[in-house]
1. When you go through (1) within 19 Å of residue 5 (Cβ to Cβ); (2) surrounded by 13 or more Cβ atoms within 10 Å (Cβ to Cβ) one by one for residue 102, which number turns out not to apply?
2. Please state which one of 16, 32 is surrounded by 11 or more Cβ atoms within 10 Å (Cβ to Cβ) and at pLDDT 95 or above.
3. Evaluate the following for residue 64: is it under 30 Å from residue 118 (Cα atoms), surrounded by 12 or more Cβ atoms within 10 Å (Cβ to Cβ), at pLDDT below 95 and under 38 Å from the mean Cα position of the chain (by Cα)?
4. Please go through the stretch 115-160 and pick out each residue that is over 24 Å from the mean Cα position of the chain (by Cα), modelled with pLDDT of 95 or more and closer than 21 Å to residue 95 by Cα.
5. If you check 123, 85, which single one turns out to be loosely packed, with under 11 Cβ neighbours inside 10 Å, free of Cβ contacts under 8 Å to residues at least 24 places away in the same chain and touching a helix residue (DSSP H, G or I) at 6+ places or on another chain (Cβ under 8 Å)?
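The values are calculated or read from the model by the stated rules, or taken from the named source; none is laboratory data. This is a predicted model, so every value here is computed, not measured. We place every Cβ from the backbone using ideal geometry, glycine too, and count neighbours over all the protein chains shown.
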């Protein structure tokens, strides 16, 4: 069950997290594990001590390096896929919350938009709408109930 009040309270934190995930995905090349450098370190060895060697890279070392590269690339792709799935899930949650706020009755929608999305305090909202704080709190609670009902309806459609 979704805790609508918690979603509303943490709206900006969720939005920030989504933005950071989006940035990480867009700039994923910066976060990738570099297989090339590791392979380079594995395959090209410098002579040790006074021993001089002209031999090339051994077949076994090359095979290990290629296997490592393959596994590293696979891990990178899996990690990117996980980031994309997390992004999609968080984006869906935020889009659904914003849609539910928009679908409230006009006066409730405006009030919740100011409180949650525009991050206005109860005092500022009270002044803007010329209402006592207790009325603002009651309307907020009413909006939470209505949004929760919308979530329940959406959940029933998805699972039912």
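1. The one condition residue 102 does not meet is (2).
2. Numbers: 32 fails: at pLDDT 95 or above.
The unique qualifying residue is 16.
3. Details: under 30 Å from residue 118 (Cα atoms): no; surrounded by 12 or more Cβ atoms within 10 Å (Cβ to Cβ): yes; at pLDDT below 95: yes; under 38 Å from the mean Cα position of the chain (by Cα): yes.
Answer is no for this residue.
4. 120, 140, 141, 142, 143, 145, 146, 149
5. Values: 85 fails: touching a helix residue (DSSP H, G or I) at 6+ places or on another chain (Cβ under 8 Å).
Exactly one residue qualifies, and that residue is 123.
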